[in-house]
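Accompanying notes for the structure given below.
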Amino acid sequence: MTGRHIKVFATGGTIAGKAGSATSRDYIPGQIGVDELLGEAARLGLQATLVGTQFASIGSEDIGPALWHILHDAISGAMADDACQGIIITHGTDTAEETAFLLDQTLPTAKPVILVGAMRPADAVGSDGMRNFANAVGVAGDEQAAGRGVLLVMSDHIFAARDVRKARTEGVDAFRGFPRGPVGHVTPASLEWFGPAWRMGEAARFAFYPDMPRVSILYAYAGMPGDDVRDAVLSGAKGLVLAGLGQGNAPAAVREALAQAAASGVPVVRASRVDQGLVDREPDDDENGFVAARALGPAKSRILLQLLLANGITDPIRQQEAFDRR
Ligand code: SIN
């Protein structure tokens with residue numbers, strides 16, 4: 001292969017999964033190594049030189065700070081390597097949005113960093129893995145992909161890390177962008193951006209510390225007691241994210257317990273358990289010391305709060321600024 005030099009960091013997931021049968025429902029993620037994946041890609045005639053490293057072979061439910069640390073170091077190295085023009089991470093889809101967002105906030109935007117996965121294992125009929133991978137190579141090799149933060153490529157869509165959410169448990173079209181939809185469209189034969197890059201030349205927004213502080217997500221429900229909040233704090237949470245009702249609401253007892261937590265120095269972010277829609281600031285957020293998650297869902301709100309705390313940003317006004325920023 002010739003063309004742009006792209007590093008491929010493999011972690012496992014369904015894109016590397018095998019069922020042993022084209023029609024089986026069950027499969028094991030992380031079965032295909034990066035060499036086999038790149039061997040398959042070589043047969044597609046892609047205009048890129050791909051260099052692979054296998055960092056893990058796991059389902060993404062087991063990804064967390066330890067692997068993020070390894071990936072962060074490797075991507076930082078690739079960013080400093082003049083020969084490398086883009087980076088692809090193969091990843092399970094279940095937590096792809098979390099890894100994408102963590103890297104998005106802790107890396108400069110100088111080179112394209114693309115996450116890619118699949119909803120169907122490699123040997124399934126109608127598998128989406130190789131097409132998604134070919135599309136990711138096209139995006140990683142495109143100069144205009146830089147300056148947009150970390151991107152996720154799935155089902156011919158290009159999503160920004162901050163917007164993307166897994167919105168379906170099955171089907172190849174499982175991801176959505178919110179509040180922006182996809183930022184571009186890609187096929188193995190074409191690539192179109194829907195607007196200019198909006199983060200050109202940006203440095204990393206936060207330092208990445210692998211020892212991330214514990215932040216708990218509290219899923220709100222009718223009849224939820226304040227004890228759910230107090231139990232999380234007693235068990236060591238250094239921050240709380242409410243996956244609230246509607247626009248980040250919760251029963252009175254829970255709001256009271258959250259206000260007590262915030263007053264005692266455990267920051268509280270109000271997000272929503274609803275997939276789409278903003279959670280804006282409310283008049284009593286000032287009084288309660290709460291932060292509104294704005295466009296971020298609970299999982300990414302949790303990562304942002306961890307980064308803020310790890311970087312010593314404890315003032316709710318500064319925390320709110322980080323949640324407001326695109
Ligand atoms: C995983 O997230 O590793 C399993 C599901 C998938 O990759 O689609």
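Looking at region 152-171, is at least one residue in the same structural domain as His72 (by TED's automatic domain parsing), under 25 Å from Arg205 (Cα atoms) and more than 14 Å from the chain's Cα centre (by Cα)? No: zero hits.
Do we have any residue at all in region 182-202 that's of a type in the set (Lys, Arg) and at pLDDT 95 or above? Talk me through it step by step, then tell me what you get.
Initial filter on region 182-202 (of a type in the set (Lys, Arg)): 199.
Now drop any that are not at pLDDT 95 or above, which leaves 199.
Within region 182-202, one or more residues are of a type in the set (Lys, Arg) and at pLDDT 95 or above.
Scanning region 140-160 for residues that are crowded, with 24+ Cβ neighbours inside 10 Å and either of a type outside the set (Phe, Trp, Tyr) or on the phi > 0 side of the Ramachandran plot (or both) yields Ala140, Ala145, Arg148, Gly149, Val150, Leu151, Leu152, Val153, Met154, Ile158.
Only residues in region 116-127 that are over 13 Å from Gly30 (Cα atoms) count as the first member; pair them with residues that are more than 11 Å from the ligand (Cβ to nearest atom) and β-branched (Val, Ile, Thr), Cβ under 8 angstrom, at least 6 apart or cross-chain, and list the lot. Listed pairs, sorted by first residue: Val116/Ile88; Val116/Ile89; Val116/Val153; Ala124/Thr23; Val125/Thr23.
Using the structure shown, decide if Ala41 is closer than 21 Å to Asp62 by Cβ, among the small types (Gly, Ala, Ser) and not in a loop (DSSP other than H, G, I, E, B).
Details: closer than 21 Å to Asp62 by Cβ: no; among the small types (Gly, Ala, Ser): yes; not in a loop (DSSP other than H, G, I, E, B): yes.
Against the criterion (closer than 21 Å to Asp62 by Cβ, among the small types (Gly, Ala, Ser) and not in a loop (DSSP other than H, G, I, E, B)), Ala41 does not qualify.
Here is a yes/no grid of residues against (1) at pLDDT 95 or above; (2) crowded, with 19+ Cβ neighbours inside 10 Å; (3) part of a loop (DSSP other than H, G, I, E, B):
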position: Lys7; (1), (2), (3): yes, yes, no
position: Asp26; (1), (2), (3): no, no, yes
position: Gln31; (1), (2), (3): no, no, yes
position: Gly52; (1), (2), (3): yes, yes, no
position: Ser57; (1), (2), (3): yes, no, no
position: Trp68; (1), (2), (3): yes, yes, no
position: Leu71; (1), (2), (3): yes, yes, no
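Out of the residues in region 1-31 meeting the condition of being within 8 Å of the ligand (Cβ to nearest atom) and under 18 Å from Ala140 (Cβ atoms), tell me which one is farthest from the chain's Cα centre (by Cα). Selected residue: Ile15. Of everything in region 80-105 that's of a type in the set (A, V, I, L, M, F, W, C) and in a helix (DSSP H, G or I), which residue is nearest to the ligand (Cβ to nearest atom)? That would be Ala96. Residue count for region 310-322 under the criterion of being surrounded by fewer than 20 Cβ atoms within 10 Å (Cβ to Cβ), under 21 Å from the mean Cα position of the chain (by Cα) and either touching a residue at least 12 places away in the same chain (Cβ under 8 Å) or in a strand (DSSP E or B) (or both): the result is 4. Residues in region 33-49 that are more than 16 Å from the ligand (Cβ to nearest atom) and either among the basic types (Lys, Arg) or surrounded by 18 or more Cβ atoms within 10 Å (Cβ to Cβ) (or both): Ala41, Arg43, Leu46, Ala48.
Determine, yes or no, whether Gly77 is surrounded by fewer than 18 Cβ atoms within 10 Å (Cβ to Cβ), part of a helix (DSSP H, G or I) and of a type outside the set (D, E, K, R). Break it down stepwise before answering.
Values: surrounded by fewer than 18 Cβ atoms within 10 Å (Cβ to Cβ): yes; part of a helix (DSSP H, G or I): yes; of a type outside the set (D, E, K, R): yes.
Yes.
For the condition touching a helix residue (DSSP H, G or I) at 6+ places or on another chain (Cβ under 6 Å) and away from the ligand (no atom under 16 Å from the Cβ), what is the one hit in Val125, Val137, Val116, Val150? Lay out the reasoning, then the answer.
Values: Val125 fails: touching a helix residue (DSSP H, G or I) at 6+ places or on another chain (Cβ under 6 Å); Val137 fails: touching a helix residue (DSSP H, G or I) at 6+ places or on another chain (Cβ under 6 Å); Val116 fails: away from the ligand (no atom under 16 Å from the Cβ).
Selected residue: Val150, the only one of Val125, Val137, Val116, Val150 that is touching a helix residue (DSSP H, G or I) at 6+ places or on another chain (Cβ under 6 Å) and away from the ligand (no atom under 16 Å from the Cβ).
Scan region 37-49 and tell me whether some residue there is touching a Gly at 6+ places or on another chain (Cβ under 8 Å) and free of Cβ contacts under 8 Å to residues at least 40 places away in the same chain. Within region 37-49, one or more residues are touching a Gly at 6+ places or on another chain (Cβ under 8 Å) and free of Cβ contacts under 8 Å to residues at least 40 places away in the same chain.
Ala197 falls short on exactly one of the conditions (1) within 16 Å of the ligand (Cβ to nearest atom); (2) touching a Gly at 6+ places or on another chain (Cβ under 6 Å), and that condition is (1).
Does any residue of region 84-98 turn out to be assigned by TED's automatic domain parsing to the domain that holds Ala134, more than 30 Å from Gly20 (Cβ to Cβ) and surrounded by fewer than 22 Cβ atoms within 10 Å (Cβ to Cβ)? Show your work before the answer.
At the first step, the residues of region 84-98 found to be assigned by TED's automatic domain parsing to the domain that holds Ala134 are 84-98.
Add one more test, that the residue is more than 30 Å from Gly20 (Cβ to Cβ), and what stays is 84-87.
Subsequent filtering for residues that are surrounded by fewer than 22 Cβ atoms within 10 Å (Cβ to Cβ) retains 84.
Checking region 84-98: at least one residue is assigned by TED's automatic domain parsing to the domain that holds Ala134, more than 30 Å from Gly20 (Cβ to Cβ) and surrounded by fewer than 22 Cβ atoms within 10 Å (Cβ to Cβ).
Say whether the condition of being of a type in the set (S, T, N, Q), farther than 20 Å from Ile158 by Cβ, in contact with a strand residue (DSSP E or B) (Cβ under 8 Å, 6 or more places away or on another chain) and within 16 Å of the ligand (Cβ to nearest atom) is met by at least one residue in region 50-59. Checked region 50-59: at least one residue is of a type in the set (S, T, N, Q), farther than 20 Å from Ile158 by Cβ, in contact with a strand residue (DSSP E or B) (Cβ under 8 Å, 6 or more places away or on another chain) and within 16 Å of the ligand (Cβ to nearest atom).
The values are calculated or read from the model by the stated rules, or taken from the named source; none is laboratory data. As the structure is a prediction and not an experimental result, all values here were calculated from the model. Don't worry about glycine lacking a Cβ; one is built from the backbone with ideal geometry, like all the others, and counts go over all protein chains shown.
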